[in-house]
Amino acid sequence: MRTAAAWLLTVLFLSATLTGCERQANTEAPLLILDTDIASDADDVGAVAVLHHVAKQGKVKILAMMVSSGNPWSVPCLQAVNAWFGRPEIPLGKAHAGAVQDESRYARSIAEEFGGNDAKASDAIQLYRRVLAAQADQRVTIVSIGYLTNLAQLLQSKSDAVSPLNGEELVRQKAARLICMGGAYPSGQEWNFHRDAAAAAYVTQHWPGPVIFAGFELGKDIMTGAALRTLPEKNPLRRSYELHNRLAGRPSWDQIAVYYAAVTVDGRPNELWTKIYGRNAVSEDGSNHWLNERNGSHAYLVQRGTNADIAKNVEQLMLTAQP
Ligand SMILES: [Ca+2]
């Protein structure tokens, strides 16, 4: 067990050495864009619930949500969940044709049971450009909890009527940080990278600013969702987990990325996770390995808190997330 003095020294050391990665220097609530593949697993719905909860607490401000899955029910499902949480107006972006096609055990049912639709959804790349161009410089946190399909296309986008900047320049100017659930650390193969490996490789290579990776290993033993059975049945969060695997609980990969975004405003060390700096290299098959670099603009998260503590926090946020 740490002594108080050792703890203080650790914090001072980390403060002095680990703040270079995130360039967001103010303490205002992050302006946040969520990019989700909501369809193939229920943790995306859990993450959306956590996001609504922390937004209600004033810890983040939601600018838009993008969908990287090509499942036609993903956007209507997300719209239904947002409407249930009292935020039907959140702008939604739809992936281009050719996006990863996922099966889903819940997306269509949630859309139909809770009346979701994609009538007002925009093209994801156009929406990214529009939303980013309208913000103050280096204020936007993007949290990716699915494929990097949209973000790769955003980086490759050309100047247009919205902004004279191309995608990479626009991101450099407006984004404070990208928090990305993807990859395994220090090396391995993970679903989000693997399913659109070209996009994962492009984004890790070309993102013109800090990227913080929340890897496979972080969420896999943080099981949440089973406690949702205590909620009323007519609740899209509970229903998603019920349809997905009968409320048996699922790993919390996506909630962790959102939770991290909400509890770290300016990149100072956090009691639940610390960061290892360097550079992430993604191969053609979507596997990745870590290159240690002292001043790398990438970092991956290493857990400090216990699985039980983090699971309790995440599940509590999901349980108490209410319209
Ligand atoms: Ca996901």
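The values are calculated or read from the model by the stated rules, or taken from the named source; none is laboratory data. Everything quoted here is computed from the prediction, not taken from an experiment. Positions of Cβ are backbone-derived with ideal geometry, glycine not excepted, and every protein chain shown enters the neighbour counts. Please note that ligands, DNA and RNA were not included when accessible areas were found on the heavy atoms of the full protein model with its side chains. Shrake-Rupley method; radii C 1.70, N 1.55, O 1.52, S 1.80 Å.
Eigenvalues of the alpha-carbon gyration tensor of the range 23-320, scaled by 5 and square-rooted, set the equivalent ellipsoid semi-axes at 26, 23, 18 angstrom, largest first. Calculated accessible area for the chain comes out at 41 Å² per residue, all protein chains present (probe 1.4 Å; ligands, DNA, RNA ignored).
Roll a 1.4 Å probe over the protein heavy atoms and report the accessible area of R304 in Å², nearest 10. Result for R304: roughly 70 Å² accessible. At the residue level, V302 shows approximately 50 square angstrom of accessible surface with a 1.4 angstrom probe and all protein chains present.
Restricting the calculation to Cα atoms, the range 55-97 shows an Rg/Rh of 1.01 when the hydrodynamic-style radius is the Kirkwood one. Estimated from helical segments only, the mean residue ellipticity of the chain at 222 nm is -11000 deg cm²/dmol, where each DSSP H run of four or more residues counts as -39500 (n - 2.57). The region of the chain that goes longest without hitting one of the GluC sites (Glu not before Pro) in a DSSP loop, each with at most 15 other Cβ atoms within 10 Å, is 104-232.
Taken about its Cα centre, the range 198-286 carries a charge dipole of about 340 debye when Lys and Arg each add +1 at the Cβ and Asp and Glu each add -1 at the Cβ. For the range 23-320, the relative contact order is 21 percent, taking Cα pairs closer than 8 Å that sit 6 or more residues apart in sequence and dividing their mean separation by the residue count. Whenever you get a sec, compute what percent of the accessible area on the range 23-320 sits on carbon and sulfur atoms (1.4 Å probe). It is 48 percent, rounded to a whole number.
Summing charges over neighbours of E233, with a neighbour being any other residue whose Cβ is under 14 Å away from its Cβ, gives +3 when K and R count +1 and D and E count -1. Placing +1 on the Cβ of every Lys and Arg and -1 on the Cβ of every Asp and Glu, with nothing else charged, gives the range 131-242 a dipole about its Cα centre of roughly 300 debye.
Dipole magnitude for the chain: computed about the Cα centre from +1 point charges on Lys and Arg Cβ and -1 point charges on Asp and Glu Cβ, it is near 720 debye. The rule of thumb for compact globular proteins, 2.2 N^0.38 Å, goes into the C-alpha radius of gyration of the range 102-160 1.43 times. Computed over Cα pairs, the Kirkwood radius of the range 124-249 leads via Stokes-Einstein (1.306 mPa s, 10 °C) to a diffusion coefficient of 97 µm² per second. Each of N166, N245, L228 was scored by the projection of its Cα onto the charge dipole of the chain, and the greatest displacement toward the positive side belongs to L228; charges sit on the C-beta of Lys, Arg, Asp and Glu.
Put K59, K174 in order of accessible area, highest first, and with a 1.4 Å probe you get K59, K174.
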